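Q: Structure below; questions to follow.
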């Protein structure tokens, strides 16, 4: 991860907010878009366990909650955002996509963290390899999120990849759907990065800005 850990990212977050909102507040969505943030794992399923003991289920929930806060604080709730879970609960994969469809979501974004037996690091995005317009839109949205995190926060990115994950398979015919692997908890630098609340805010803001700019 190409991040200077000596920088006070709390200040960076709000500097980014000011600079970015000067642009995005000039944009108006004709119709409020509904976003379903799928918060990976939860409850008895911790997901990946970091080298420092941090758990994937907690990392993604913290980031998702910050996305909600920034949507309210900076965008005046211009996006209609829902989460698949708001606490430490186990939600079946089928129920995640079922909720998105019941809410008539315009975009589905699943948040996860990665793990590896090697020294792998970086953020990547997965989409389902289906032959429809939602696949194209999913790729564009995924690139937007990767570019925002790379250009603003210095994240190393690993590109957009195809996968047959159930949540993507269930959603791709319904709306653009992506699964974001935020980083590797088995990498010492990235695991420690996620422990800092200021960094959590920075990632959340980058994801929100990418979604809004893509839709707007």
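Q: State yes or no: is residue 170 surrounded by fewer than 18 Cβ atoms within 10 Å (Cβ to Cβ) and modelled with pLDDT of 95 or more?
A: So residue 170 does not fit the description; no.
Q: Looking only at segment 195-210, decide whether some residue is in contact with a strand residue (DSSP E or B) (Cβ under 8 Å, 6 or more places away or on another chain) and over 30 Å from residue 132 (Cβ atoms).
A: For segment 195-210, residues in contact with a strand residue (DSSP E or B) (Cβ under 8 Å, 6 or more places away or on another chain) and over 30 Å from residue 132 (Cβ atoms): absent.
Q: Follow-up question, since we're still on this one. Can you pull out the residues in segment 181-190 that are surrounded by 23 or more Cβ atoms within 10 Å (Cβ to Cβ) and either part of a helix (DSSP H, G or I) or touching a helix residue (DSSP H, G or I) at 6+ places or on another chain (Cβ under 6 Å) (or both)?
A: 183, 184, 185, 190
Let's see how each residue does on (1) surrounded by 13 or more Cβ atoms within 10 Å (Cβ to Cβ); (2) under 14 Å from the mean Cα position of the chain (by Cα); (3) at pLDDT 95 or above; (4) under 15 Å from residue 181 (Cβ atoms):
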site	(1), (2), (3), (4)
89	yes, no, yes, no
101	yes, no, yes, no
109	yes, yes, yes, yes
112	yes, yes, yes, yes
115	yes, no, yes, yes
122	yes, yes, yes, yes
135	yes, no, yes, no
138	yes, yes, yes, yes
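Q: Can you name the condition, by its number, that residue 148 falls short on among (1) under 20 Å from residue 208 (Cβ atoms); (2) crowded, with 22+ Cβ neighbours inside 10 Å; (3) touching a strand residue (DSSP E or B) at 6+ places or on another chain (Cβ under 8 Å)?
A: That leaves (3) as the condition not met.
The values are calculated or read from the model by the stated rules, or taken from the named source; none is laboratory data. Keep in mind the model is a prediction, meaning the values are calculated, not measured. Positions of Cβ are generated from backbone atoms using ideal geometry, with glycine treated the same way; all protein chains shown enter the neighbour counts.
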